[in-house]
Amino acid sequence: SIIFTKTNTLGAHCFYQFCLEKKVDHIIHVSTDEVYGEKLKGMNYENDQLNPTNPYSASKSAAEQICVAYENTYKLPLMTVNVMNAFGERQHVEKFIPLCIKKLLANEKIYIHSYPDKKTSGTRFYIHARNIAAAVLFLIKNGKTGDKYNISGEKEVSNLEMAKIIANVLGKNLDYEMVDNHSTRPGHDLRYGLNGDKLFSMGFKLPVNFKESLQNTVRWTLKNLKWLQTEISK
């Protein structure tokens, strides 16, 4: 959608021009693992070439290049972080975890994005929002201006495994169907991977573990069902 380009690219340009004029002295630009494109094996490092595979990730990639340009031209004090799949309480219901919760509670079928064989589901590295926030706070104190850091998830989880975990926490039977969304939806990537060793080598540690944070997120949602009532955008 053109709205992504306007928001992510033009929006970044306007924002950093504002920061320049106001002489902001510390900026962290939060980007996504998607700018590197699909990574079916291995992991991406901070110095890898950006290779976006859809217009959304291309707009995020363009925003990163605007950051580089403002650093090079105006010495704007920027750091960039690339983050993997975030989750947590209050997440919009169109995202996979709250969507699974909603469908399981309604006894509806869950469609699992898979490889073309419809036997192996895609995967994601999930990271709780508290861990992302902790990493950003750590970098405010310890990061280097002009540098780039990956904030990687603790655990790689397949889409099917994630649905099974949520069903288990809810005590529900999982009704699912594997679908080859990759072939019918251009630019839908089956796997991303970010190597977070650079950040961890600086002494950063994830304050919240994956299993506990996921269970807490599901249980919190059960107590706050209004967060599942948001209309899903088309």
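The values are calculated or read from the model by the stated rules, or taken from the named source; none is laboratory data. Note that the structure is a prediction, hence the values are computed from the model and not measured. Methodologically, a virtual Cβ is constructed for each residue, glycine included, from the backbone with ideal geometry; neighbour enumeration extends over all protein chains shown. Quick note on the areas: whole protein, heavy atoms, side chains included, nothing else; ligands and nucleic acids left out. Shrake-Rupley method; radii C 1.70, N 1.55, O 1.52, S 1.80 Å.
Here is how the numbers come out for the structure above:
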| read-out | value |
| --- | --- |
| So residue 41, is it within 24 Å of residue 155 (Cβ to Cβ) and open to solvent by 60 Å² or more (accessible area, probe 1.4 Å) | yes |
| Hits in the range 22-37 (condition: open to solvent by 30 Å² or more (accessible area, probe 1.4 Å) and at pLDDT 95 or above) | 22, 23, 24, 28, 30, 34 |
| Residue count, the range 86-110 (criterion: in a strand (DSSP E or B) and within 20 Å of the chain's Cα centre (by Cα)) | 2 |
| Set 120, 53, 80, 73: member being within 23 Å of residue 26 (Cβ to Cβ) and either buried (at least 20 other Cβ atoms within 10 Å of the Cβ) or modelled with pLDDT under 95 (or both) | 80 |
| Among the candidates 144, 109, residue that is at pLDDT 95 or above and in contact with an Asp or Glu (Cβ under 6 Å, 6 or more places away or on another chain) | 109 |
| Selected residue (criterion: farthest from residue 32 (Cα to Cα)) from residues of the range 131-154 that are in contact (Cβ under 8 Å) with a residue 12 or more places away in the chain and loosely packed, with under 15 Cβ neighbours inside 10 Å | 142 |
| Hey, residue 179 surrounded by 14 or more Cβ atoms within 10 Å (Cβ to Cβ) and under 27 Å from residue 80 (Cα atoms) or not | no |
| Subset of the range 182-202 [open to solvent by 50 Å² or more (accessible area, probe 1.4 Å) and modelled with pLDDT of 95 or more] | 197, 198, 200, 201, 202 |
